[in-house]
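The values are calculated or read from the model by the stated rules, or taken from the named source; none is laboratory data. Predicted model only: the values in this text are computed from it and were never measured. With ideal geometry, Cβ positions are generated from the backbone for all residues, glycine too; neighbour counts draw on all protein chains shown. When the accessible area is computed, the model is the full protein with side chains, heavy atoms only, and any ligands, DNA or RNA have been set aside. Shrake-Rupley method; radii C 1.70, N 1.55, O 1.52, S 1.80 Å.
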Number of protein chains: 2
Amino acid sequence: MKVTLSALDTSESSFTPLVVIELAQDVKEETKEWLKNRIIAKKKDGDNNDDFLTMAECQFIIKHELENLRAKGEKMIPGYPQAKLYPGKSLLRRLLTSGIVIQVFPLHDSEALKKLEDTWYTRFALKYQPIDSIRGYFGETIALYFGFLEYFTFALIPMAVIGLPYYLFVWEDYDKYVIFASFNLIWSTVILEVWKRGCANMTYRWGTLLMKRKFEEPRPGFHGVLGINSITGKEEPLYPSYKRQLRIYLVSLPFVCLCLYFSLYVMMIYFDMEVWALGLHENSGSEWTSVLLYVPSIIYAIVIEIMNRLYRYAAEFLTSWENHRLESAYQNHLILKVLVFNFLNCFASLFYIAFVLKDMKLLRQSLATLLITSQILNQIMESFLPYWLQRKHGVRVKRKVQALKADIDATLYEQVILEKEMGTYLGTFDDYLELFLQFGYVSLFSCVYPLAAAFAVLNNFTEVNSDALKMCRVFKRPFSEPSANIGVWQLAFETMSVISVVTNCALIGMSPQVNAVFPESKADLILIVVAVEHALLALKFILAFAIPDKPRHIQMKLARLEFESLEALKQQQMKLVTENLKEEPTESGKEKAT
Amino acid sequence: MKVTLSALDTSESSFTPLVVIELAQDVKEETKEWLKNRIIAKKKDGDNNDDFLTMAECQFIIKHELENLRAKGEKMIPGYPQAKLYPGKSLLRRLLTSGIVIQVFPLHDSEALKKLEDTWYTRFALKYQPIDSIRGYFGETIALYFGFLEYFTFALIPMAVIGLPYYLFVWEDYDKYVIFASFNLIWSTVILEVWKRGCANMTYRWGTLLMKRKFEEPRPGFHGVLGINSITGKEEPLYPSYKRQLRIYLVSLPFVCLCLYFSLYVMMIYFDMEVWALGLHENSGSEWTSVLLYVPSIIYAIVIEIMNRLYRYAAEFLTSWENHRLESAYQNHLILKVLVFNFLNCFASLFYIAFVLKDMKLLRQSLATLLITSQILNQIMESFLPYWLQRKHGVRVKRKVQALKADIDATLYEQVILEKEMGTYLGTFDDYLELFLQFGYVSLFSCVYPLAAAFAVLNNFTEVNSDALKMCRVFKRPFSEPSANIGVWQLAFETMSVISVVTNCALIGMSPQVNAVFPESKADLILIVVAVEHALLALKFILAFAIPDKPRHIQMKLARLEFESLEALKQQQMKLVTENLKEEPTESGKEKAT
């Protein structure tokens, strides 16, 4: 039998279970007793602020407190002499790595969840998502993802609308493509800048806009020598920054470069195989060899998938080994590593087709195939399949529980059993990555395939629903996590839009229609294209510079807050100075004068 | 007889004159009395903090207080019914525009000045400037200029050293130029990033790093309807931001574009005249026509100078009309306007020679002539000539004063008479502009003329001294002005270094040596050059991103300050909440829960 231990083990009658700690089956009584005492001791220090906080915030605080239970006098975990401890070591982390605690997760609140689902996705209607309710239930990070998904979908609509006639009327004139590409580039800059303003609006309302990295506690995996944090004056593990820098620049960076090189190498083998298969088919022309034509693509797709998985593990290991103090720094470094590799894996073959093979028809074909299949596969694999499996499992659990004798806690017991078997949501990383790659498909080669935006919009309208389903029904409820913006993803999207200026200009310059205008001098053509590209890039930067990142009313409110906090500090210091002056008036006066 | 009225008109014996207000000769007694009372009334409100402040800081405060003397009940200036006032109008500004007050300026402190000069420039020695003493005497803005000038000079030395052998050994191989240009580009990025760190270091020490635009008082010329500033809660004139935006984008921007077009048009006329003069000379070949060859250059130089002056007035008028609330915003908009125009005026002809005429020999010649003559002229016109005039004037004043009967105040009287006739230092704008154009000459065409950096270094070593002389002996002492960094100039220098990547890549691509490597395909050559340029630009941005703007120890200290000020605010608010709870415990509890 599993033992569930609520972190809020109060004796009150209105007890609401919030967080589940799943222990291993054979945990010793002594260990349980010790763990319970440590948690309760921690709890006694705090205030009872239940009324002021949302359920998600309470769960976040419990998680935070659990992660910051640190060893003081203990040399090992009671009952497990092999699980060594040293002062400052996170207890929860040692319990998890020793296999004593299996997992810690917050419980769903079925009533609130039902209410949220009703306004979110179960009743099909064209309306905005209830972002504030999502934030209340799942926290800021997830609400920001859904906010961005919605914003991005709406922002794509103008591109999709303008792209449609190109498909319907089979427009092939280069001047029309130039117009489309130019619109696209300016548009992508503007929407990214406007998102920053919208995001600042939301997070100001939620109170997380001013959240600073500096005030974050160290992440649980962070280790170092116990010392005094010079900013907060609190005791915590310290790790010198230069060591981290050395690890990043001397180990991680070369490793990533090596992986990129390897990925390109594999791609070249794939294209060689393609040529070889084509040659074989043309020579023999039999049925058997026409099947062979698909073999290189299939092998390449499988190899890419394997490489992505392996690389992801390596990136997680390396980033963890870099020993970042803050969760946000860890996430940023991990995202950067994975992003660069995924970008190359997904787009390298398209770049090769576009700029080496210069086969626009093949490019359009590959682009359409990649975009549409990846979207369909993603939605099935990510939401509907797990949901179906989850439902089947749910029915089984219900039967089991009904077979037991019904007692008071049957519902809670059933809920815990059900939810602890649910998958764990690993963060917004994969969801953002999907959007990022989609943005790449839409913008990088937009002048070759203007229909991409329309497909992206269609996909995202259903993606909102399937992601919502995933969050509510497929995964364990994630711990809420505050955040001020979408972080490194903003930079990633902006970089993509800069790259897309370059690729689109190059594609237009390569098109036969444009080349027909300059039949005698290719050099002149290239010069003109380069000049246009530079002008567009300059315009992009001027636009990004001219649009303020925060709306005016938010700027005003922040300035007011800053003014007030500095005034408060001034008053406090003035009080100190006055007190000092009273004690030793002459000496401190002299000091100031020198 | 002029009447001097010290703002610190105290009856103490240790009276140090700080600021001079020069009134017109025929000012009525009644007006003098009123002004004196207003100034003294203001003074009584404040504390006596003399011991805590440097002389420059005292003068800054006096200026600030004088500028913020605003009309309350008065409908006009007493004694001058035509000088109308309305509530909130700055008195000093109306006094100045009515010609009642001629000028307000701070006095030099001959003892401190002598001490400063001794450590700064009078004893020739290779040593760092006493930046902290300069800051103490002239304030942060001027100290930052001298700090930047020194830093920039030292930063140019490696470029100068590497550039020398190109001149000495007449290296003409393109690969060597490629190396020089590449080094140059990376170097210019790094020095600008490192400057930011050095600057943060200095201004942190001076306590101005955290200075925020938001806490600045409105500039004296700012007008609007009197209202409550929603940030500080103080009463001050307000002007809606959208009106300012309209003025900027609908009037100023088109005007600047028109001026730029006109400047280019004039340049084209100049080149036409050149061609015409050359043709005339070749046809006739007489002595008379060889003199004619210089006529277009002379006319163009004069026209450029006239255009610069006229444009400067227009820019100042327009920026003032835009009605910026803050002095810093006014300065930024003015600098941007003047900068763009000066850039075009100075470099457009060089660009034309480089990329349209493609005459590298002429480019090198023009570059050298422009750089060297502008540097020599600048130093003479800016410092030595005014200094010489100033000395002659000084001797005359001394004789006059000695002719008068000697009384106690003779020295002070002589000093005031002397200094009030000195020129007014109009801010660091022209000094920075000179450095900016120098940076342009050094970096934009560095691969054509590697010696430019050496000339720039030589010039700057003497520039430090001549600028110091100018500050100490030629101009009236300027009011000290706090500042956190070099502001918009950082952006200007960074933009210049981005443009220089483009120009240098283009110049290398155009060189005959590189063209000889690709004799058959010009298109390939261009593509390679463009690829290299993009790679360099990407590297530049990655470098700028990877180098933190503030040194680590400053980051830590700022984080600590922020943590403390937020803690102080928290405590203050907690106190308020506790007090509120005591008053009406149930109601406020309910509010929080909803």
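Things worth noting here:
- Condition met for B:SER263 (under 30 Å from B:TYR300 (Cβ atoms), open to solvent by less than 50 Å² (accessible area, probe 1.4 Å) and either away from chain A (no Cβ under 14 Å) or modelled with pLDDT under 90 (or both)): yes
- Cβ-Cβ contacts under 6 Å between residues 6 or more apart (or on different chains), taken from a first residue in the stretch A:557-581 that is facing chain B (nearest Cβ under 8 Å) to a second residue that is polar (S, T, N, Q) and assigned to a helix (DSSP H, G or I), are listed as A:SER565/B:SER565; A:LEU566/B:SER565; A:ALA568/B:GLN572; A:LEU569/B:SER565.
- Check on B:VAL356, open to solvent by 60 Å² or more (accessible area, probe 1.4 Å) and either under 25 Å from the mean Cα position of the chain (by Cα) or over 28 Å from B:ILE269 (Cα atoms) (or both): no
- Residue satisfying condition, being farther than 30 Å from A:ALA143 by Cβ and either within 14 Å of chain B (Cβ to nearest Cβ) or at pLDDT 75 or above (or both), within set A:TYR204, A:TYR294, A:TYR300: A:TYR300
- Any hit, the stretch A:266-282, residues being closer than 22 Å to A:GLU322 by Cα, touching a residue at least 40 places away in the same chain (Cβ under 8 Å) and under 28 Å from the mean Cα position of the chain (by Cα): no
- Filtered by the rule that a residue be within 28 Å of the chain's Cα centre (by Cα) and exposed (fewer than 13 other Cβ atoms within 10 Å of the Cβ), the stretch A:533-545 gives a lone residue, A:PHE545.
- Matching entry among A:ALA452, A:ALA506, A:ALA492 (being at pLDDT 90 or above, out of contact with any strand residue (DSSP E or B) (no Cβ under 8 Å at 6 or more places or on another chain) and not charged (D, E, K, R)): A:ALA492
- Some residue of the stretch A:232-250 being exposed (fewer than 13 other Cβ atoms within 10 Å of the Cβ) and polar (S, T, N, Q): yes
- B:LEU164 vs. criteria open to solvent by 60 Å² or more (accessible area, probe 1.4 Å), farther than 25 Å from B:ALA456 by Cβ and in a helix (DSSP H, G or I): no
- Look at the stretch B:407-432: where a residue is among the basic types (Lys, Arg) and a partner is open to solvent by 30 Å² or more (accessible area, probe 1.4 Å) and at pLDDT below 80, sitting 6+ places away or on another chain with Cβ atoms under 9 Å, you get B:LYS420/B:LYS2; B:LYS420/B:THR4.
- Candidate set: the stretch B:211-229, residues that are open to solvent by 50 Å² or more (accessible area, probe 1.4 Å) and at pLDDT 75 or above; chosen: the one farthest from the other protein chains (Cβ to nearest Cβ): B:HIS223
- Filter pass, A:GLN129 being of a type outside the set (A, V, I, L, M, F, W, C), loosely packed, with under 15 Cβ neighbours inside 10 Å, on the phi < 0 side of the Ramachandran plot and not in a helix (DSSP H, G or I): no
- A:GLN25 being open to solvent by less than 60 Å² (accessible area, probe 1.4 Å), modelled with pLDDT of 75 or more and either part of a helix (DSSP H, G or I) or farther than 21 Å from A:PRO220 by Cβ (or both): no
- Of all residues in the stretch A:541-554, none satisfies being more than 29 Å from B:VAL340 (Cα to Cα) and outside any helix (DSSP H, G or I).
- Residue in the stretch A:382-404 that is among the β-branched types (Val, Ile, Thr), assigned by the TED database to the domain that holds A:PRO482 and out of contact with any helix residue (DSSP H, G or I) (no Cβ under 7 Å at 6 or more places or on another chain) present: yes
- Taken together, the criteria place A:MET55 among residues that are within 14 Å of chain B (Cβ to nearest Cβ) and either at pLDDT 80 or above or crowded, with 19+ Cβ neighbours inside 10 Å (or both).
- Pairs with Cβ under 8 Å, 6+ apart, first in the stretch B:529-554 and more than 9 Å from chain A (Cβ to nearest Cβ), second open to solvent by 70 Å² or more (accessible area, probe 1.4 Å) and of a type in the set (Ser, Thr, Tyr): B:ILE554/B:TYR204
- Filter result for A:GLN375 (touching a residue at least 60 places away in the same chain (Cβ under 8 Å), assigned by the TED database to the domain that holds A:SER497, in a helix (DSSP H, G or I) and within 20 Å of the chain's Cα centre (by Cα)): yes
- Yes/no for A:ARG205 being open to solvent by 70 Å² or more (accessible area, probe 1.4 Å), farther than 19 Å from A:HIS64 by Cα and in contact (Cβ under 8 Å) with a residue 40 or more places away in the chain: yes
- Restricting A:GLN490, A:GLN513 to residues that are touching a residue at least 24 places away in the same chain (Cβ under 8 Å) and away from chain B (no Cβ under 14 Å) narrows the list to A:GLN513.
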